[in-house]
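**Student:** This is the structure I have questions about; it appears just below.
Since every read-out is calculated from the coordinates, none of them should be taken as a lab result. All values reported here derive from a predicted model rather than from experimental measurement. Quick reminder, even Gly has a Cβ in these numbers, built from the backbone with ideal geometry, and neighbours come from all protein chains shown.
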Amino acid sequence: MIDFPALMQLAEASAAVTQKCACSSVPLAAWQSLPTSLELEKLEEVGTLVEDPYDEPTFKEYHPNGTRYESEDAPIAPRYYPANLSQVLRCQVCGRHFLRYNEAGGYFTELRMRALRPELLVDAAL
Ligand SMILES: [Zn+2]
């Protein structure tokens with residue numbers, strides 16, 4: 001499992017990448033379904049934010065400043081939904097990092113992704 005300091009390092013490494021890359025042709029600033037332009041084989045999983053796979057995860061979201069799930073500036077708090085269900089992916093071409101989880105609704109499941117941005121990370125307790 002990736003802890004908060006390690007996650008912050010990955011986010012900062014990501015923010016330092018300036019090269020253009022297919023992985024970020026769609027900004028992914030907010031959670032969204034996987035863009036069709038994304039070359040999934042270029043993304044490798046580097047770890048998970050799931051603390052305990054046998055634990056029932058919380059569906060509480062973290063929005064102290066009135067953001068919403070779909071906000072581009074919504075905090076990324078690893079203990080809160082949906083970061084708590086996410087895997088961390090790295091683009092093998094440029095080194096940017098992303099979070100990805102499986103959104104399971106009543107009648108569908110959908111993989112969703114969001115860019116990992118250091119300015120949004122919050123080490124908030126549940
Ligand atoms: Zn890339």
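**Student:** Can you pull out the residues in segment 75-124 that are surrounded by fewer than 18 Cβ atoms within 10 Å (Cβ to Cβ), within 16 Å of the ligand (Cβ to nearest atom) and of a type in the set (G, A, S)?
**Tutor:** Listed by number, the list holds a single entry, G95.
**Student:** Can you pull out every residue in segment 8-33 that is within 12 Å of the ligand (Cβ to nearest atom) and farther than 15 Å from R100 by Cβ?
**Tutor:** Going through segment 8-33, the residues within 12 Å of the ligand (Cβ to nearest atom) turn out to be 14, 17-26, 28.
Once the filter is applied, which keeps residues that are within 12 Å of the ligand (Cβ to nearest atom) and farther than 15 Å from R100 by Cβ, segment 8-33 yields V17, T18, Q19, K20, C21, A22, S25.
**Student:** Another question about this same structure. Would you check if there is a residue in segment 106-116 being touching a strand residue (DSSP E or B) at 6+ places or on another chain (Cβ under 9 Å) and free of Cβ contacts under 8 Å to residues at least 12 places away in the same chain? Even if it seems obvious, please write down each step before you answer.
**Tutor:** At the first step, the residues of segment 106-116 found to be touching a strand residue (DSSP E or B) at 6+ places or on another chain (Cβ under 9 Å) are 109-116.
From what is left, the residues that are free of Cβ contacts under 8 Å to residues at least 12 places away in the same chain are 109.
Yes, some residue in segment 106-116 is touching a strand residue (DSSP E or B) at 6+ places or on another chain (Cβ under 9 Å) and free of Cβ contacts under 8 Å to residues at least 12 places away in the same chain.
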